[in-house]
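Asker: Structure in structure tokens, see below.
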Amino acid sequence: MPPNSPAYLLLAHLLLLAGTAASATRLRPRPANATSAGEPVYLWPLPKSIASGSRTLTVDPDLALDPRGPGGASPAVAEAFERYRGHVFAPWAHAARAGGGGYDVARLTVVVASDNETLALGVDESYTIYVGAAAGVNSIVGGATIEANTIYGAIRGLETFSQLCVFNYDTKNVEVRHAPWHIQDEPRFAFRGLLLDTSRHYLPVDVIKQVIDSMSFAKLNVLHWHIIDEQSFPLEVPSYPNLWKGSYSKWERYTVEDAHDIVNYAKKRGINVMAEIDVPGHAESWGNGYPKLWPSPNCTEPLDVSSNFTFEVISGILSDMRKIFPFGLFHLGGDEVYTGCWNVTPHVRQWLNERNMTTKDAYKYFVLKAQELAIKLNWIPVNWEETFNSFKENLNPLTVVHNWLGPGVCPKVVAKGFRCIMSNQGVWYLDHLDVPWEDVYSGEPLAGISNKDQQKLVLGGEVCMWGETADTSDVLQTIWPRAAAAAERLWSQLEAISAQDLETTVLSRLHYFRCLLNHRGIAAAPVTNYYARRPPIGPGSCFVQ
């Protein structure tokens, strides 16, 4: 919903809109994908609604922050403002500033209605932007104003404002073109995620922070940190300190302090971190520190379902991780569980027989018990779709089902009353290098769901950067720019997305956003690669590759 504005700003905005209605040449409502001149809007992702004009405004290199409202003075807002100043202005901009001033936009007023810094699923990320010449006929508020209900809405607004600012190489000024602007925006889905796999290849903390920065530029808001898998266990767990003996080496680990640092860094950018331990499969690395977790030396996964020690370790891991990860969702995996070796391990086979259980029953038992442990810690469990496919009748009602195997799963999930996250591997698995950006852009979380109440059960979606062939040398190139295609699908209104032509409007805008990422130091690969992350095959502009 629109931000709650102080009364004086509401009056100013009403006067602004009234005045501009009388002069349609100055500010014309347009579809959210076009400016007043009918040109594509080079904002990514597309805002919900825009009105623009035909003026070009200059922005003062000494642009000042004017915080208003209970949340305007939040340190998170001030830090975000300084970050975006660094993106917009060159380091030498102040030295080149015109002595007499005379800039159209000299201050940025940020009005935030709440000082609550809680970052939870569904936090209000809406914002409104007004940009006009200071004291000009098109701007009673003067300069530029961002209004939001929360600091996270303000941070999203700062990203959009930064994208409105363009450097003019002829005048060496930063400009806002097609002004005045009036933008109202909010996300279509609450959950807009990116999975990052640090088990298949260790990623240094600074690289993870680069990924987080890049996510904020595209308004993604959940980092799904797939920390641990069968290949390595890089995270420190104080309750069971031998677990990270499963890391590739002592130099490829994350301390508790590292994990806290990543979570705090992400929060300042409005991004939650959803951690995952994938049980009972994908856990062979656990046994390097505690061999008793393996059913036998010849059966190293799934984890030993018959042992109380297994669940004691899981409980310890979850308790330690709860101190690090405040997000309300926790991913428990549950995919690709091959239970054959349970049947051929004598003590596990005996345990099954005593309980008249099949290995399928044991798989269900394990998943449900892990869910109970997570729920006791006030987490909502997220599980891969195999759990739903195998025993939907038994899943805890709180369960969020994470689709990955293919299309058509979320309609079945929400029909049973569960919530769903879409990551259809055919379009949103970034390690599938032959999936073009057009296919990523076409992925639709609500496909096949017409019931409005069931649509509300789809939290959103997530692109997945599995790490078998991605490490520090190529992970950002593999993520970007294709992840941006999913980011717009998850943020922008369906009507605005559907009204665009893929090969003209969207492609030119995606080229532009890819170049913006490059300017901000993010190694985004060319847009039109046949295989993602491949370098350019010859000379050419960033805007056409």
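The values are calculated or read from the model by the stated rules, or taken from the named source; none is laboratory data. Keep in mind that what you see is a predicted model, and the values were worked out from it rather than measured. Every residue, glycine as well, gets a Cβ built from its backbone with ideal geometry; the counts of neighbours run over all protein chains shown. When the accessible area is computed, the model is the full protein with side chains, heavy atoms only, and any ligands, DNA or RNA have been set aside. Shrake-Rupley method; radii C 1.70, N 1.55, O 1.52, S 1.80 Å.
Asker: Longest segment of the chain with no chymotrypsin sites (Phe, Trp or Tyr not before Pro) in a DSSP loop having at most 16 other Cβ atoms within 10 Å?
Answerer: Numbers: sites that count: TRP92, TYR169, TYR248, TRP251, TYR338, TYR530, TYR531, PHE543.
Formally, the longest exposed-site-free interval is 339-529.
Asker: Describe numerically, in nm with one decimal, the distance between label points set 7 Å from Cα along Cα→Cβ at GLU312 and at VAL544.
Answerer: It is 6.8 nm.
Asker: So, one more: In whole angstrom, and with the biggest value first, how far do the Cα coordinates of region 188-257 range along each principal axis?
Answerer: 43, 22, 21
Asker: Also: Between helix 256-267 and the chain, what is the angle of the helix's C-alpha long axis to the longest principal axis, kept within 0 to 90° and rounded to the nearest 10?
Answerer: Taking Cα atoms only, the helix is inclined about 40 degrees.
Asker: Another one. Given a 1.4 Å probe, how much area per residue of the chain is accessible, in Å²? Provide the component values of the computation, followed by the final result.
Answerer: Values: 20970 Å² over 545 residues.
Accessible area per residue, the chain: 38 Å².
Asker: Please state the charge dipole magnitude for the chain, taken about the Cα centre, from unit charges on C-beta atoms (+1 on K and R, -1 on D and E), reported in debye and rounded to the nearest 20. Spell out each step's value before the answer.
Answerer: Values: 46 positive and 56 negative charges, 203 e Å.
So the dipole magnitude of the chain works out to roughly 980 debye.
Asker: Note down the nm distance, to one decimal, between modelled labels 7 Å out along Cα→Cβ at ASP335 and at ASP434.
Answerer: Label at ASP335, label at ASP434, 2.0 nm between them.
Asker: What do you get for Rg/Rh over the chain if you use C-alpha atoms and the Kirkwood form of Rh?
Answerer: Checking Rg against Rh, the ratio lands at 1.01.
Asker: Share of antiparallel DSSP beta bridges in the chain, in percent to the nearest 5? Provide the component values of the computation, followed by the final result.
Answerer: Working: 26 of 67 bridges.
The answer is about 40 percent antiparallel.
Asker: From Cα pairs below 8 angstrom and at least 6 apart in sequence, can you work out the relative contact order of region 191-492, rounded to a whole percent?
Answerer: Relative contact order comes out at 18 percent.
Asker: Here's something else I'd like to know. At 1.4 Å probe size, with the rest of the protein present, what percent of the exposed accessible area of the chain is carbon and sulfur atoms?
Answerer: Numbers: 11270 of 20970 Å².
Ligands and nucleic acids excluded, carbon and sulfur give 54 percent.
Asker: Between helix 308-322 and the chain, what is the angle of the helix's C-alpha long axis to the longest principal axis, kept within 0 to 90° and rounded to the nearest 10?
Answerer: 20
Asker: Once you have the Cα-Cα distance between ALA78 and LYS360, take 0.36 nm times their residue separation minus that, and quote the gain in nm to one decimal.
Answerer: Going from the current span to full extension adds 96.2 nm.
Asker: Still on this structure, please answer the following. GLN455 to LYS376: FRET efficiency via 1/(1 + (r/R0)^6), r the Cβ-Cβ distance, R0 30 Å, to the nearest 0.05?
Answerer: With a Förster radius of 30 Å, E is 0.45.
Asker: Where does the chain land at 222 nm, in deg cm²/dmol rounded to the nearest 500, when only DSSP H runs of n ≥ 4 count, each adding -39500 (n - 2.57), divided by all residues?
Answerer: -9500 deg cm²/dmol
Asker: Taking every pair of Cα atoms in region 49-185, average 1/r, invert it to obtain the Kirkwood radius, and report Rg/Rh to two decimals.
Answerer: In region 49-185, Rg relative to Rh is 0.97.
Asker: Continuing with this model, one more query. As an exercise, use a Förster radius of 45 Å and the Cβ-Cβ distance of ASN394 and VAL256 to find the FRET efficiency, rounded to the nearest 0.05.
Answerer: Efficiency at R0 = 45 Å is approximately 0.85.
Asker: Around VAL475, with a cut-off of 15 angstrom between Cβ atoms, what is the net charge of the other residues, counting Lys and Arg +1 and Asp and Glu -1?
Answerer: Net of charged neighbours comes to -3.
Asker: Angle, helix 359-376 long axis vs. longest principal axis of the chain, Cα atoms, 0 to 90°, nearest 10?
Answerer: The answer is roughly 50 degrees.
Asker: Does region 452-531 come out rounded, prolate or oblate by the C-alpha gyration tensor, with a ≥ b ≥ c the root eigenvalues, rounded set by a/c under 1.5 and, if not, prolate when a/b is larger than b/c and oblate if not?
Answerer: Details: a/c = 2.44, a/b = 1.33, b/c = 1.83.
Here region 452-531 falls in the oblate category.
Asker: On to the next question. How about the chain: what cysteines have no other cysteine beta carbon under 4.7 Å from their own?
Answerer: Unpaired cysteines in the chain: CYS165, CYS464.
Asker: If I take every Cα pair under 8 Å that is 6 or more residues apart in the chain, average their sequence separation and divide by the length, what percent do I get for the relative contact order?
Answerer: 13
Asker: Right, here's the next one. Which net charge results for the neighbourhood of GLY540, defined as the other residues with beta-carbon distances under 15 angstrom from its beta-carbon, given Lys and Arg at +1 and Asp and Glu at -1?
Answerer: Its environment carries a net charge of +2.
Asker: Please give the contour-minus-distance gain from ASP170 to ALA96: 0.36 nm per residue of separation, less the Cα-Cα distance, rounded to one decimal in nm. Write down the numbers at each step before the final one.
Answerer: On the way: separation 74, 0.36 × 74 = 26.64 nm, distance 1.33 nm.
Contour length minus Cα-Cα distance gives 25.3 nm.
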